[in-house]
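Heads up: the structure comes next, in structure tokens.
The values are calculated or read from the model by the stated rules, or taken from the named source; none is laboratory data. The shown structure was predicted, so the numbers you read here are calculated from the model rather than taken from an experiment. Cβ placement follows ideal geometry from the backbone for every residue including glycine, while neighbour counts extend to all protein chains displayed.
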């Protein structure tokens, strides 16, 4: 792998073109899913410049799901015979029926290597002890984080089959220096610790790495995690059907796309045309090393802001400013204002007294009405409403509920 | 690796000697634990014949525990610097405080390779789909089974973070052909299936592989698992502090020690002298590939019967007839009769109506009194008592309890 940390745009793009061309020769015509998408009728695939990618069709999640329904259990997005695959994952099922996704040994190594990039950017190395607070089921979650940590040579501590208190004890006893979990669960662990008179700030953890939710790129949420754990907090973005594509650098401005292994486009969700730097649109990704289960121009449904290629960290990799802002479908339109759940989180987490919250959405035709339930002292309600008004010019009703009343989450939080 | 399936005793023993000699040069003097055990005072270690092993001191679990207490968190049984290790395990804590055990990449590969032997003996190959019904926490459990299945090229489906019904659905949907779990849990899964009107006998599972308890080598328990799953059932034996040392062959007579990777001794627990073929004694093991965390003449505390080297399967590997019979400490002495929990299980599982059971032990000085609680129809009590009397010449009180009243176990069952 080249030293991408210092690679120029031209080197990155030359590599992307070469990888894409090579990949297509491996995929076509072995992979029935892409053969039918790309070669049906009189279509041919010719990629001579990177911009030719824009002539290829999009891949939609519902197409993968339909293929799996028609050809169970694994569908047709397989470049090799099933006997060549060694891992089965399922998507989390956040949107619809879980997809089954397979990886070959080569693709699985590639996943791990993508996570190695996440760790390196967070300054994690072979002397670290990496605790993974994760259930290790069929959802890919932090499985590749586990494999990546092994590849890096770090000491891995898998935290499946344990409750929060058992995990806290093992994080402490093993001298873990790195905690990998969802942002919600990092806060939940700190909360459980406090209930038991344990101060996680005195643990050896110096880095936390998160995924599954936008939390680690939301400044107020990140600040809260960093304060609780006395650690520096990094974000990561990945998708079961895509790979581990994003990581944050020490400047914590959002998520870089690992453009050594993925091609990113940010498109207007309506027109499908590229947006300009500074604007927001849908992230569309192509992976460049998972040839057993490729994803070409995959519409992630994730809303991101184009942050350019000039991050202060020196990497030329595309920056998604503020990380994943939310799902395209999650956008609420309240009295003409576009409102994302992550923006509400940013405001609520400015208040140290706020533990959990829930967003109540009422839809009347195309219009959304939003109200909040917030675990906080009742006297805080008016301050929160004022802060929400300042931020969004909206009057949003806030109801104070007793601490501990709202649900906690180990994997992805569902607060809407 | 040689083709051990057809290797002669002389080849096996020559390889053991060479591996042991090589291993000792790697361990000594880098490993402080064994340096102090073996080289203290005027001791030297000279191994010129395999029988010289008998001059080396035993390793006791309590020594490993004491070393860890004195030098937390990992103790001194480390041949390399901690930064060379990539995996942390904890013992299940069945006997005392959990031990922390580390593996290097090399030792971890070796674990996986030992499990490959288990799979091969069970006829499992790269076309199989292996479902692991296991929590994937810090207890090694079936972690190495997962790694071994990947190494074999089989499709692995990790079943962490799921309840029994979710696991059943995924076993079915993924077309799993191999189920890996404790024997108790295989029966528990079948029970849950029945409660939901699912017949696991119609699933694709054709092989089940078990460990953690003697069940799969107890004929009546094995028959019950095989009937429920319409599959062939294999046993496996391993220890966190030792490795995956045992497997059963298609003749299902017990557990073979993988003597390509381990040296086995069966000793009289009192005198420490070898016992004869056909007799029972304590299994003492030495591993030959886990140089990062070696175990030399480790007293397992497991009671086994010496089954000789002439299994009908053609392997010359030592057979432990009937598998692991129990813990040395578990032996009950009831009115002069030596009684193991596994022998009680064998009798109880002859009755198809018996679901769960619990052994109630009352100790008065050196004498044990035993009573049983059994989930069965009340009319069965006298038949069970009669069968127990025929088997052990003991009158053991049996109480019938309602089905579902006794605890179920996902990992090691504790029925005593």
### Query
Taking strands (runs of 3 or more DSSP E) that do not extend beyond region B:127-220, which have at least 1 residues that are within 14 Å of chain A (Cβ to nearest Cβ)?
B:129-132, B:155-158, B:178-180
### residue A:118 being in contact with a helix residue (DSSP H, G or I) (Cβ under 9 Å, 6 or more places away or on another chain), crowded, with 23+ Cβ neighbours inside 10 Å and under 25 Å from residue A:63 (Cβ atoms)
no
### Query
Looking at residue B:352, is it surrounded by 20 or more Cβ atoms within 10 Å (Cβ to Cβ), modelled with pLDDT under 90 and not assigned by TED's automatic domain parsing to the domain that holds residue B:253?
no
### Residue within region A:217-233 that is under 22 Å from residue B:137 (Cβ atoms), assigned by TED's automatic domain parsing to the domain that holds residue A:321 and modelled with pLDDT of 95 or more present
yes
### Query
Do we have residue B:108 as within 13 Å of chain A (Cβ to nearest Cβ) and not in a strand (DSSP E or B) here?
yes
### Query
In this structure, is residue B:115 facing chain A (nearest Cβ under 9 Å), outside any loop (DSSP other than H, G, I, E, B), within 21 Å of residue B:180 (Cα to Cα) and at pLDDT 95 or above?
no
### Task
Give me the pairs, please: first residue somewhere in region A:133-145 and farther than 22 Å from residue A:177 by Cβ, second residue anywhere and in a helix (DSSP H, G or I), beta-carbon distance under 7 Å, and either six or more positions apart or on two chains.
A:138/B:170
### Filtered residue count, region A:361-403, keeping only those that are over 16 Å from residue A:349 (Cα atoms), within 30 Å of the chain's Cα centre (by Cα) and loosely packed, with under 12 Cβ neighbours inside 10 Å
4
### Message
Restricting to region A:364-397, count the residues that are touching a helix residue (DSSP H, G or I) at 6+ places or on another chain (Cβ under 6 Å) and farther than 18 Å from residue A:333 by Cα.
### Response
1
#### Entry: Residue identified as at pLDDT 95 or above and more than 13 Å from chain B (Cβ to nearest Cβ) among A:32, A:87
A:32
### Task
Residues being surrounded by 20 or more Cβ atoms within 10 Å (Cβ to Cβ) and out of contact with any helix residue (DSSP H, G or I) (no Cβ under 7 Å at 6 or more places or on another chain): count how many of those fall in region A:208-237.
5
### Query
Is region B:61-72 home to any residue that is closer than 13 Å to residue B:295 by Cα, under 19 Å from the mean Cα position of the chain (by Cα) and either more than 14 Å from chain A (Cβ to nearest Cβ) or modelled with pLDDT of 95 or more (or both)?
yes
### Query
Which residues, taken from region A:90-105, are exposed (fewer than 15 other Cβ atoms within 10 Å of the Cβ) and within 12 Å of chain B (Cβ to nearest Cβ)?
A:93, A:97
### Query
What are the residues in region B:322-339 that are within 14 Å of residue B:281 (Cα to Cα) and without any contact (Cβ under 8 Å) to a residue 24 or more places away in the chain, if any?
B:338
### Query
Which residue pairs have Cβ atoms under 9 Å apart, sit 6 or more places apart or on different chains, and have a first residue in region A:308-321 that is closer than 11 Å to residue A:9 by Cβ and a second that is at pLDDT below 95 and crowded, with 16+ Cβ neighbours inside 10 Å?
A:315/A:4; A:315/A:7; A:316/A:4; A:316/A:7; A:317/A:4; A:317/A:7
### Query
Got a sec? Which of B:28, B:11, B:39, B:22 is without any contact (Cβ under 8 Å) to a residue 40 or more places away in the chain, surrounded by 14 or more Cβ atoms within 10 Å (Cβ to Cβ), farther than 24 Å from residue B:310 by Cα and assigned by TED's automatic domain parsing to the domain that holds residue B:123?
B:28
### Summary
Note on region A:152-168: residues in contact with a helix residue (DSSP H, G or I) (Cβ under 6 Å, 6 or more places away or on another chain) and closer than 13 Å to residue A:126 by Cα are A:152, A:156
### Task
Kindly indicate whether any position in region B:71-87 is in the same structural domain as residue B:231 (by TED's automatic domain parsing), touching a helix residue (DSSP H, G or I) at 6+ places or on another chain (Cβ under 8 Å), closer than 21 Å to residue B:246 by Cα and not in a loop (DSSP other than H, G, I, E, B).
no
### Task
Working only within region A:188-209, note down all residues that are in contact (Cβ under 8 Å) with a residue 60 or more places away in the chain and over 24 Å from residue B:75 (Cβ atoms).
A:188, A:191, A:207, A:209
### Summary
Across region B:73-84, the tally of residues that are without any contact (Cβ under 8 Å) to a residue 60 or more places away in the chain, within 12 Å of chain A (Cβ to nearest Cβ) and surrounded by 20 or more Cβ atoms within 10 Å (Cβ to Cβ) stands at 1
